[in-house]
1. Any idea which of GLY287, GLY245 is touching a residue at least 24 places away in the same chain (Cβ under 8 Å), out of contact with any Leu (no Cβ under 8 Å at 6 or more places or on another chain) and at positive phi?
2. Just one of (1) hydrophobic (A, V, I, L, M, F, W, C); (2) surrounded by 17 or more Cβ atoms within 10 Å (Cβ to Cβ); (3) part of a loop (DSSP other than H, G, I, E, B) trips up ALA172, so point out which.
3. Going by what's in this entry, would GLU417 be described as surrounded by fewer than 14 Cβ atoms within 10 Å (Cβ to Cβ), in contact with a Gly (Cβ under 8 Å, 6 or more places away or on another chain) and either at pLDDT 95 or above or not hydrophobic (A, V, I, L, M, F, W, C) (or both)?
4. Residues to consider are ALA430, ALA464; find the one that is modelled with pLDDT of 95 or more and either aliphatic (A, V, I, L, M) or surrounded by fewer than 17 Cβ atoms within 10 Å (Cβ to Cβ) (or both).
5. Give the stretch 414-429 a look and list any residue that's small (Gly, Ala, Ser) and in contact (Cβ under 8 Å) with a residue 40 or more places away in the chain, or say none.
6. Of these, ALA430, ALA409, ALA422, which one is in contact with a Leu (Cβ under 8 Å, 6 or more places away or on another chain) and assigned by TED's automatic domain parsing to the domain that holds THR282?
7. Would you pick out the residues in the stretch 191-216 that are of a type outside the set (A, V, I, L, M, F, W, C) and part of a strand (DSSP E or B)?
Amino acid sequence: MSARIAAIAVVLAVQAKPDGDAKPVSFHRQVQPLLTARCAGCHQPAKAGGKVVLVSHATLAAGGGDEGEPLVVAGKPDESPLLDAVLPRGEKAPKMPKKGAPLTAGEVALLRDWIAQGALDDTPAAAASSFTAEHPPKYAQLPVITSLDFAPSGGLLAVSGYHETLLWEVDASGGGATLAARLIGMSERIQSASFSPDGAKLLVVGGSPGRFGEVQLWDVAKRALERSVLLGGDTLYGGSWSPDGRLVAFGGGDTTVRALDVATGEPVFYNAASEDLALDTTFSKDGSHLVSVGRDRAVKLFQLATQQFLDNVTSITPGALKGGLQAVDRQPGEEILLIAGADGTPKRYQTFRTKKREIGDDFNLVKSYAPLAGRLFACEYAPDGLSFVVGASLRGKGEVRLYAIADEAPKWSLPIEGAVYAAAFRGDGALLAAAGFDGRVRLVDAATGKVTGTFAAAPIEAAATGSKP
């Protein structure tokens, strides 16, 4: 759907009798997932093309365009412009969607039947909530934080929340932070948020488990959603930027690894070589290759130009890697990867093999470091590439450690009450942020490991009736 239609809305007050020849259609289970997958990229609260929002029965009923004109007349599909917009026009393609394949005959029939049956709403009360900039999420308790990222310059910190990414302006001293913006999109859960190399854009990936994955691209200065791309039927993870900022990559709950062109939103890479969830990605130094890690216990190397899987960077010896891998980062200016996973041992690997593989070798391994007593969820190199930070969890307890790349033992270790799922360096490398299960961001002096400030990731207030915290 798009702004080419002045109004896309629904008048649902008419309760027509269901068509006796058609099987009853569920809005919640059938129509809404269809609208979400095919229309909501351009018609959601943060990006309402034609002043139209198609994310819930309530937003459909509100109407669209300047006058809130109806687009669906309940019980009368042939008088409903919404249906007309998705029908073929002779030899011409349907008006909508403007991008992507037209709706299938079955999808069009589903919309027709739903309208003919009265365009009824069967959305459960607990699933009826929708959020906008004017009506942001209300938190009864702090959200679990899965992602942190500092802008390349300055103190702007992106923090994952529920249905939103929160931007915090961190004090130069690291003593605290001020909430600067709340970027609210479709995804219920934000799995990854990362700034572009120039800091002008923010990549956010997430989705709704078992329903859809979403890629959001935000203009940081304008606090505006530039693009929303809905992909697949499961959550997306581990977004990353190519060194030139032209591409973004991410993994998926559907085991895929993908990349999109930032300017167009079009796919440029797709590979399903992973055998389980692909949880994080990074690009090679020159942007010609892509690396992913995931629950299949492998670091996989892909070539972008050919979309081919080339190699498992890590050993393929059974038992060499104990448990899945959660995070990967590439050393600035080098082709050395840092990985973090279930065995609690930070490891560095060279990206490209320079010796013929032999079964049982782990040739690409550069160095292993003193393990933590738990599962690693986060890892990141310092901006100068001379040190790195990892975050871990064991039985509800967390730990943050900083290592110099030359030393096996850590420079310092910081115990935390609560699992640590995210950690990130400020652009100058002097400060880092760590967060996780308890929803509080800790600001840490990178030289000493001392906490300089702490703040809650989101404002706490009484949750609205029927909405999620």
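The values are calculated or read from the model by the stated rules, or taken from the named source; none is laboratory data. Worth saying up front: this structure is predicted, and the values here are computed from it rather than measured. Methodologically, a virtual Cβ is constructed for each residue, glycine included, from the backbone with ideal geometry; neighbour enumeration extends over all protein chains shown.
1. Working: GLY287 fails: out of contact with any Leu (no Cβ under 8 Å at 6 or more places or on another chain).
Just a single option satisfies the conditions, and that option is GLY245.
2. Here ALA172 meets the rest and fails (2).
3. Values: surrounded by fewer than 14 Cβ atoms within 10 Å (Cβ to Cβ): yes; in contact with a Gly (Cβ under 8 Å, 6 or more places away or on another chain): yes; either at pLDDT 95 or above or not hydrophobic (A, V, I, L, M, F, W, C) (or both): yes.
Considered against the rule, which asks whether it is surrounded by fewer than 14 Cβ atoms within 10 Å (Cβ to Cβ), in contact with a Gly (Cβ under 8 Å, 6 or more places away or on another chain) and either at pLDDT 95 or above or not hydrophobic (A, V, I, L, M, F, W, C) (or both), GLU417 comes out as yes.
4. Numbers: ALA464 fails: modelled with pLDDT of 95 or more.
Unique residue meeting the criteria: ALA430.
5. Step one: filter the stretch 414-429 for residues small (Gly, Ala, Ser), giving 418-419, 422-424, 427, 429.
Residues satisfying the conditions are ALA419, ALA422, ALA423, ALA424, GLY427, GLY429.
6. On the way: ALA430 fails: in contact with a Leu (Cβ under 8 Å, 6 or more places away or on another chain); ALA409 fails: in contact with a Leu (Cβ under 8 Å, 6 or more places away or on another chain).
It is ALA422.
7. Going residue by residue through the stretch 191-216, those that are of a type outside the set (A, V, I, L, M, F, W, C) are 191-192, 194, 196-199, 201, 206-211, 213-214, 216.
Within the stretch 191-216, GLN191, SER192, SER194, LYS201, GLY206, GLY207, SER208, GLY213, GLU214, GLN216 qualify.
Each row is one residue, and each column tells you yes or no for (1) farther than 19 Å from GLY294 by Cα; (2) aliphatic (A, V, I, L, M); (3) in contact with a helix residue (DSSP H, G or I) (Cβ under 9 Å, 6 or more places away or on another chain).
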{"site": "GLN326", "(1), (2), (3)": "no, no, no"}
{"site": "ARG330", "(1), (2), (3)": "no, no, no"}
{"site": "LEU337", "(1), (2), (3)": "no, yes, no"}
{"site": "ASP362", "(1), (2), (3)": "no, no, no"}
{"site": "ALA378", "(1), (2), (3)": "no, yes, no"}
{"site": "LYS397", "(1), (2), (3)": "yes, no, no"}
{"site": "ARG401", "(1), (2), (3)": "yes, no, no"}
{"site": "TRP412", "(1), (2), (3)": "yes, no, no"}
